[in-house]
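Below: one structure, written as structure tokens.
The values are calculated or read from the model by the stated rules, or taken from the named source; none is laboratory data. Quick caveat: nothing in here was measured; it's all calculated off a predicted structure. Using ideal geometry, Cβ is built from the backbone for each residue, glycine included, and neighbour counts are taken over all protein chains shown. These accessible areas exclude ligands, DNA and RNA; they are computed on the full protein's heavy atoms, side chains included. Shrake-Rupley method; radii C 1.70, N 1.55, O 1.52, S 1.80 Å.
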Amino acid sequence: IIATLFAFSPTLQTDFLWSEYDEVERSAYQSMDDWTEAWSPTIIRQHDPVTITTYYLESLSPLSPAATHRLINLLLHLTAALFLLKILESLKLRGAYAASLVFALHPAALQTLFWPGYRNEITGLIFILACLYFGTRSRGAVDFSLALITGLVGSLIHPAAFALPALLALIIYFQNTHFHLHQYNKVLPLSCGLLFVYVWTQSAPSLNSRPEELELLTQAGQNVYFYLRQSLLPLDPRLFHPFPTAQTYNVGALNSLIAFLIFMPFYVLAFVNFRKRRARGLILGLSSFLLLLIYGIFHTGRFIDGSLAKEEHALYVALPAILALTFCSAASFFGRKQTFGRFFWPALFGSFFLVHIGLTTSYSYSVSDPVKMWKTITEQWEDSWQPKAALVKAVRASGSDVVGPNEMVRTLEKILEANPGLNEERVYLARKYREDGQNTNAVREYRRILRETEPDNEFLEEAAQLFDKVGLTWEGNNARERMKKPKNQATTAEPTLNNE
């Protein structure tokens, strides 16, 4: 808990939350006016009422909204990590603590914890793990009831919960050397309950709309490869990962389909030795990862401008399974090596842990400063104007010198080239031109602003002084005349986007 709070604590320092430049609706909460809407039958059948309600409860906190939002996410994440630890311990697996610790500190969890709108991934995982924990412990009617309730609630939160009957059956298979049908009796009520929820909500594990140019299998192959890499080798920390360009996508996608074949040798090896505990554990780990990842495999991520992107939040619910398989297998292997293994495993994991926590802490710091965060995103998404506009706003709010004057001018020019109707950015560009002595460019921008909007008297005086300075006395007098006229309240709003 201490290590996790330390690694992710930098994210509590930023005031970034629900960016106006994110044009993708990450949660139905963004279009709601009152918390009671979340519990209408229509919303319950289409969205996650539990998580949406927590967003409204955040307003009751005395802390800043951004800090409250991320602190809640972090505490929920720790709850999921503790449930994972209890499940692995109840299965008597070596390396349970190591696997849970790596999950709690994993860099791939940062997007889910940091970017607003993804809390349903965390709450969904908590209910999935809670259902598996109570179902695994199974000490009586109370545990059975808790497993059933948490499973049904989880299915309303996240589509991965519909895999719970299969996951619970795999755990029973792992725990028992011989097959007896009566051992699976508790799976049947859970299956019936989830089937009812599935039919009532009329929602299979949700497959987002995808671009027509992408083949479904191609997209799935790309995602499997991406999620495997980010799970086991998270050396590319980004909030949003660009997809390959259209020219190279098809060739790369064919190669990425090999990711599906990676699992085949492990399954063959496990089924050959299916009576051995190690083989049953391998089947349990691989199958759990794939079942929980079905939603993520066919998930179409979106960047803030709506373009196709790879997002790590879709990996979150499946991440514990692959980490448990990897680290419990490693701990079991070294544990069988007697003295050498028992010494080598703590040394190996200790070194890994130091690198792991360092990588996560560094990633947290990189997103804790809005200026640096938006600057990084701007460099990664050069063709998008939204992160550039967000960067400009962050620089103006903080007074940071990370972006130099010349770079700021170029950034503003690119923003207005893509979206000419942004009046605030055009005013800022005009003033930057004026400060830099670029009078010709400044006059052009001032003229356009005066022509298309009704600016305040301060701006009119600036324009008049500039016109006088360059010898445009007539235009300067016109600007001063406009200062004397009463402003039409209906025309002081943001200007209408024109077709220039």
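Suppose we filter Ile262, Ile322 for residues that are free of Cβ contacts under 8 Å to residues at least 40 places away in the same chain and of a type in the set (Val, Ile, Thr); which single one remains? Full working, then the answer.
Details: Ile322 fails: free of Cβ contacts under 8 Å to residues at least 40 places away in the same chain.
Unique residue meeting the criteria: Ile262.
So is Val197 open to solvent by less than 40 Å² (accessible area, probe 1.4 Å), assigned to a helix (DSSP H, G or I), within 30 Å of Arg277 (Cβ to Cβ) and modelled with pLDDT under 90 or not?
No, not satisfied.
Quick test for you: out of Thr248, Thr326, Thr218, pick the one residue that is modelled with pLDDT of 90 or more, among the polar types (S, T, N, Q) and part of a helix (DSSP H, G or I). Show your work before the answer.
On the way: Thr248 fails: modelled with pLDDT of 90 or more; Thr218 fails: modelled with pLDDT of 90 or more.
Just a single option satisfies the conditions, and that option is Thr326.
Would you mind finding the one in Ala314, Ala318 that is over 19 Å from Ser90 (Cα atoms), assigned to a helix (DSSP H, G or I), in contact with a strand residue (DSSP E or B) (Cβ under 8 Å, 6 or more places away or on another chain) and open to solvent by less than 10 Å² (accessible area, probe 1.4 Å)?
Values: Ala318 fails: in contact with a strand residue (DSSP E or B) (Cβ under 8 Å, 6 or more places away or on another chain).
So the residue among Ala314, Ala318 that is over 19 Å from Ser90 (Cα atoms), assigned to a helix (DSSP H, G or I), in contact with a strand residue (DSSP E or B) (Cβ under 8 Å, 6 or more places away or on another chain) and open to solvent by less than 10 Å² (accessible area, probe 1.4 Å) is Ala314.
Pairs under 8 Å by beta carbon, first residue touching a residue at least 60 places away in the same chain (Cβ under 8 Å) and over 16 Å from Trp18 (Cα atoms) in segment 47-69, partner open to solvent by 40 Å² or more (accessible area, probe 1.4 Å) and of a type in the set (Phe, Trp, Tyr), six or more apart or different chains?
Pro49/Trp39
Looking only at segment 32-57, count how many residues are under 19 Å from the mean Cα position of the chain (by Cα) and within 23 Å of Asp15 (Cβ to Cβ).
Selection size over segment 32-57: 4.
Condition first: aromatic (Phe, Trp, Tyr) and open to solvent by 20 Å² or more (accessible area, probe 1.4 Å). Now tell me which residues in segment 277-300 satisfy that. Outline the logic, then answer.
Within segment 277-300, the subset aromatic (Phe, Trp, Tyr) is 289, 295, 298.
Answer for segment 277-300, where residues must be aromatic (Phe, Trp, Tyr) and open to solvent by 20 Å² or more (accessible area, probe 1.4 Å): Tyr295, Phe298.
Taking the options Ala104, Ala99, name whichever one is buried (at least 20 other Cβ atoms within 10 Å of the Cβ), over 26 Å from Tyr29 (Cα atoms) and more than 16 Å from the chain's Cα centre (by Cα).
Details: Ala104 fails: more than 16 Å from the chain's Cα centre (by Cα).
Only one candidate passes the filter, namely Ala99.
When residues of segment 1-28 are filtered for being open to solvent by 60 Å² or more (accessible area, probe 1.4 Å) and either assigned to a loop (DSSP other than H, G, I, E, B) or over 24 Å from Phe83 (Cα atoms) (or both), how many remain? Break it down stepwise before answering.
So in segment 1-28, the residues open to solvent by 60 Å² or more (accessible area, probe 1.4 Å) come out as 1-2, 5-6, 13, 15, 18, 20, 23, 25.
Pick out the ones that are also either assigned to a loop (DSSP other than H, G, I, E, B) or over 24 Å from Phe83 (Cα atoms) (or both) and you get 1, 13, 15, 18, 20, 23, 25.
Qualifying residue count for the region: 7.
Given the criterion of a type in the set (A, V, I, L, M, F, W, C), over 30 Å from Arg342 (Cβ atoms) and crowded, with 20+ Cβ neighbours inside 10 Å, identify the matching residue among Ile52, Ile43, Ile87. Let's see the steps before the verdict.
On the way: Ile43 fails: crowded, with 20+ Cβ neighbours inside 10 Å; Ile87 fails: over 30 Å from Arg342 (Cβ atoms).
Within the list Ile52, Ile43, Ile87, the selection yields Ile52.
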